[in-house]
Amino acid sequence: MNRYQTIPKHLRYTIMDFNRQFPDDAACLEHLMQQRFPGNITYCDKCQQERKHYRINGRPVYSCDHCGTQISPMAGTIFEHSSTSLRLWYYAMYLMASTRCGISAKQIQRETGVTYKTAWRMFRQIRSSLSETEKQLEGSAVEMDETYYGGTAKGRRGRPMRGDKQKSPVVGMVERSTAKRKGRVVALATNDVTAKNLSGIAHEYILPSSTVFTDEFTSYDSLGSRFRSHKRIKHSAGVYVVGDVHTNTIEGFWSLVKRGIGGVYHQVSQKYLQSYLDEFSFRYNRRDYGNLIFSEILKQVSLRASMPAPRDRGMTPATQDAF
């Protein structure tokens, strides 16, 4: 066992670093202001030009140095209209970034003293900022695979039958890592795994110049005409690697997701499955950042400010993170 710190020094960010950088709400607010509006300079609606803004003591707002018009750096962010301490929001993001398999809302409730409903809402809002499903994979070699989340049919293993209402299909695509960079992943909860749907997803996220690696699932039959080449591994015959032909990279990501959901969250609604996939994908795509994933989450929250959040679709806190 390696008893020494394996994360390089420049990628470490401990709880002591967090407490030192963010001792109170004021420090968190100033950080948010600088991240969104560097130098406290932003457009003033009344002056109709860029102006310097200064903090108003005792209030979470900044005032234009010329006309006094006030702005809040929390406006348009996931923190807007929240009565929860901004430092607790930051701490929740720090914990989410510091684990490989996530952290439950129940654990945040125990550590911070907020209600379970508040903790659940915080994590739901944070996850809404982590979606990267608009990115395109640029690797020359991309693995693609589907898996299923949900209950297990009695007496049956493998892919569910068509029309199965218990299991939710999930499609994943991952670039193979190179000497220059780690491969990135995109994971999508989808309605079905028909050839038409999988072909459309592959065309949207994978470049035509890429070589695509899949298993022998018949829905992948039409991929060959869309990309440079299409190589397949026959899992049904007990074959998992032949030279460079395999889907072990995406299988490894599925293992991480399933361990995280099963071991931490225990149960996830089908309608909120995508937000959990976004969380796991976000961490996976920054696995070489060490403990600095926290900083990346903070940046993402600022980037997503004022953008419409994914629409809630009927899930209640009681249906997830039960332990």
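The values are calculated or read from the model by the stated rules, or taken from the named source; none is laboratory data. Computed from a predicted model, the values in this text were never measured in an experiment. Positions of Cβ are generated from backbone atoms using ideal geometry, with glycine treated the same way; all protein chains shown enter the neighbour counts.
Here A26 qualifies as of a type in the set (G, A, S), modelled with pLDDT of 95 or more and closer than 28 Å to L95 by Cβ. Scanning region 63-103 for residues that are of a type outside the set (K, R) and under 21 Å from R287 (Cβ atoms) yields a total of 11. The condition of being of a type in the set (F, W, Y), assigned by TED's automatic domain parsing to the domain that holds Y148 and either in contact with a Gly (Cβ under 8 Å, 6 or more places away or on another chain) or modelled with pLDDT of 95 or more (or both) holds for only one of F227, F213, that being F213. Scanning region 257-276 for residues that are within 18 Å of P169 (Cβ to Cβ), part of a helix (DSSP H, G or I) and touching a helix residue (DSSP H, G or I) at 6+ places or on another chain (Cβ under 7 Å) gives V257, I261, S275, Y276. Within the set R304, R259, the sole residue that is of a type in the set (D, E, K, R), under 14 Å from the mean Cα position of the chain (by Cα) and surrounded by fewer than 19 Cβ atoms within 10 Å (Cβ to Cβ) turns out to be R304. Based on this model, can you work out whether T69 counts as within 20 Å of I126 (Cα to Cα) and either modelled with pLDDT of 95 or more or polar (S, T, N, Q) (or both)? Criteria not met by T69.
Just one of the listed residues (E132, E111, E143, E80) is among the acidic types (D, E), under 30 Å from T178 (Cβ atoms) and either part of a loop (DSSP other than H, G, I, E, B) or at pLDDT below 95 (or both), namely E132. Among the residues of region 170-191, are any among the polar types (S, T, N, Q), at pLDDT below 95 and touching a Leu at 6+ places or on another chain (Cβ under 7 Å)? So far as region 170-191 goes, no, none of its residues is among the polar types (S, T, N, Q), at pLDDT below 95 and touching a Leu at 6+ places or on another chain (Cβ under 7 Å). The residues on offer are R55, R36, R12, R59, and the sole one that is closer than 23 Å to M122 by Cα, of a type in the set (K, R) and in contact (Cβ under 8 Å) with a residue 24 or more places away in the chain is R36. If we keep just the residues of region 44-61 that are in contact with an Asp or Glu (Cβ under 9 Å, 6 or more places away or on another chain) and part of a strand (DSSP E or B), which is surrounded by the most Cβ atoms within 10 Å (Cβ to Cβ)? This residue is H53.
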